[in-house]
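Student: Take this structure, written in structure tokens, and hold onto it; I'll ask about it next.
Every read-out reported here was derived from the displayed coordinates using simple, explicitly stated rules and does not represent laboratory data. Because the structure is predicted, anything quoted here is derived from the model rather than measured.
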Amino acid sequence: MIAEAHKYRGVVCVSCRQPVSLPSKAAQRDAKFREKESHDPIVPMFTLRCDACERETRYMQGDVIDFEGVPKVRRVRKASA
């Protein structure tokens, strides 16, 4: 049986170097940007929060790459009452 290869688009966290997957809205913007034939001088920026270290950083379109595997699931923080 051949295992199906999973891929996702994301960035490498500048703080902890872990892969961060693009959320659906950012992935749509990324797809629209990649399919454009003209070279638009305005490059989209993404503000993403790392799933591992929870730091938020801005990334440019050139930072987005393909990763193999399944993206990590973000840890859920418990709200303090």
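Student: Report the Rg/Rh value for the range 27-72, based on alpha-carbon coordinates and the Kirkwood definition of Rh. If you can, show how the numbers build up before the last one.
Tutor: Values: Rg = 12.4 Å, Rh = 12.3 Å.
My calculation puts Rg/Rh at 1.01.
Student: Once the piece of chain linking Arg29 and Val14 is laid out straight, how much longer is it, given 0.36 nm per residue of separation minus the C-alpha distance between them? Present the calculation step by step, with values, prior to reporting the outcome.
Tutor: Numbers: separation 15, 0.36 × 15 = 5.40 nm, distance 2.12 nm.
Between Arg29 and Val14, full extension yields 3.3 nm more.
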